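Shown next, in structure tokens, is the structure this report addresses.
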Amino acid sequence: MNNGLSFSKQKDAIRLFISNKLLSPNLNFFIGSGCSFPAVPLMGKTFKSLKKDLHDAALGNYRSEENEDIEGYLNWLHTSLNFFEKSDMYHENIEKFQDNYAITKKVLIESININYNDHEDALKLYKDFYNEIFSIRNNRDFSPVNVFTTNYDLFNELAMENANIRYTNGFRGTIQRIFDPTEFHLRLVDDVNRYKDKWSIVRRFVKLYKIHGSIDWIYDSKIGKVVQRRANKDESENVLIYPTIHKHIETQQTPYSELFREFSINLQKPNSTLVVMGYGFPDQHINQLISQALSNEDFTLIIFSSLLEDKAKSFYDNHKDLTNIHFIGGRMTKVENPSDSEDGHHFSNILGYMKAGEGDD
């Protein structure tokens, strides 16, 4: 939409467009692993370095160095082990499948279980992100901002708490926090002026949907519920990392089914905007729900990504003729060093677009 404009005017046009869309009545963000990198290693890189420690006989098609889908591999192992268990069929490599499953999940969890105080730069980006959202939306009576993420880390939670932003992640309680999807349907109000005809809602409020689970979500077999707390070293089996669903919740698919349902419902609301960042479109289920929302003319999709990423390019190519999809990427030259450049879809540059009216970086 900015062809023919100078680089500076392109940036100004994007900033104006973004700031206007951040005023959408139903504002949604989708945050992928790219936003937490390099504080949290990309899962593909973790899988690539891990393969040398796994049994080759239980790698299947994931043996290839190019296949970096660690979540897909865990799902394949999980499905295979379920098949062996239910069919009562002995498999000569069953123990190797079990070992690979345990090792892969443990290493994945350890890669996310970081000391957040050691990554102040990443935490500041998240905190600035949330502050900018509410700086633009100001004190208007909008619906709460919805943030959907496939990330297992705690950067979103820590950033909002540091910025004094209220949020719900679907858990109720204080001492024993239990997942309850009805929490997403509640709204905080300020009752200081409760004698007035209308109570004031808490405006700096976010609904955080961690649709792939979280490093601090545990299946508690004693009460048969999903609870929120940090796992002990010997509890990695019970940590809810999608798609390694604990066998006791396999039938209900809790809490993933409720979270994906909320994602679909919110995208279908009138006059909705979805801003995608740090996500390379590897999950076909998520991609399909976004595609369905694009059929609504009052839905706006903004993607910060690169056309050099095959899956992101494929998604864009399949929808580029639609008028409600906007793809923002490319390379940005640094003013202080013209010979140096960086990707325009990096988290720090997205924040630059959100800060309308500021000068070039």
Among helices (runs of 4 or more DSSP H) lying entirely in the range 1-93, which contain 1 or more residues that are hydroxyl-bearing (Ser, Thr, Tyr), more than 25 Å from Leu259 (Cα to Cα) and modelled with pLDDT under 85?
7-21, 70-87
Just name the residue that is nearest to Met43 (Cα to Cα) out of those in the range 281-313 that are under 13 Å from the mean Cα position of the chain (by Cα) and at pLDDT below 95.
Pro282
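If you go through the range 162-171 one residue at a time, do you hit one that is among the β-branched types (Val, Ile, Thr), surrounded by 18 or more Cβ atoms within 10 Å (Cβ to Cβ) and within 22 Å of Pro38 (Cα to Cα)?
First, the residues of the range 162-171 that are among the β-branched types (Val, Ile, Thr): 165, 168.
Now drop any that are not surrounded by 18 or more Cβ atoms within 10 Å (Cβ to Cβ), which leaves 165, 168.
When the remaining residues are screened for being within 22 Å of Pro38 (Cα to Cα), the result is none.
Scanning the range 162-171, I find no residue that is among the β-branched types (Val, Ile, Thr), surrounded by 18 or more Cβ atoms within 10 Å (Cβ to Cβ) and within 22 Å of Pro38 (Cα to Cα), so the answer is no.
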Out of all the residues in the range 78-90, is one or more among the acidic types (Asp, Glu) and exposed (fewer than 13 other Cβ atoms within 10 Å of the Cβ)?
yes
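If you take the residues in the range 147-158 that are of a type in the set (A, V, I, L, M, F, W, C) and surrounded by fewer than 23 Cβ atoms within 10 Å (Cβ to Cβ), which one is nearest to Arg261 (Cα to Cα)?
Our first condition is that a residue be of a type in the set (A, V, I, L, M, F, W, C); within the range 147-158, this holds for 147-148, 154-155, 158.
Going one step further and asking which of them are surrounded by fewer than 23 Cβ atoms within 10 Å (Cβ to Cβ), we end up with 154, 158.
Numbers: Leu154: 22, Leu158: 25 Å.
That would be Leu154.
Scan the range 210-227 residue by residue and report those that are under 18 Å from the mean Cα position of the chain (by Cα) and either within 17 Å of Ser257 (Cα to Cα) or open to solvent by 10 Å² or more (accessible area, probe 1.4 Å) (or both).
Answer for the range 210-227, where residues must be under 18 Å from the mean Cα position of the chain (by Cα) and either within 17 Å of Ser257 (Cα to Cα) or open to solvent by 10 Å² or more (accessible area, probe 1.4 Å) (or both): Lys210, Ile211, His212, Gly213, Ser214, Asp216, Trp217.
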May I ask you to verify whether Ile178 is within 22 Å of Arg229 (Cα to Cα), in contact with a Leu (Cβ under 6 Å, 6 or more places away or on another chain) and either surrounded by fewer than 18 Cβ atoms within 10 Å (Cβ to Cβ) or not charged (D, E, K, R) (or both)?
no
In the range 194-220, what residues are more than 15 Å from Lys106 (Cα to Cα) and either of a type in the set (Phe, Trp, Tyr) or at pLDDT below 85 (or both)?
Arg194, Tyr195, Lys196, Asp197, Lys198, Trp199, Ser200, Ile201, Val202, Phe205, Tyr209, Tyr219
Taking the range 126-146 as the region of interest, how many residues are at pLDDT 95 or above and open to solvent by 50 Å² or more (accessible area, probe 1.4 Å)?
2
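The values are calculated or read from the model by the stated rules, or taken from the named source; none is laboratory data. What you see is a predicted model; the values in this text were computed from it and never measured. Ideal geometry is used to build each Cβ from the backbone, glycine not excepted, and the neighbour counts take in all protein chains shown. Heavy atoms of the whole protein, side chains included, go into the accessibility calculation; ligands, DNA and RNA do not. Shrake-Rupley method; radii C 1.70, N 1.55, O 1.52, S 1.80 Å.
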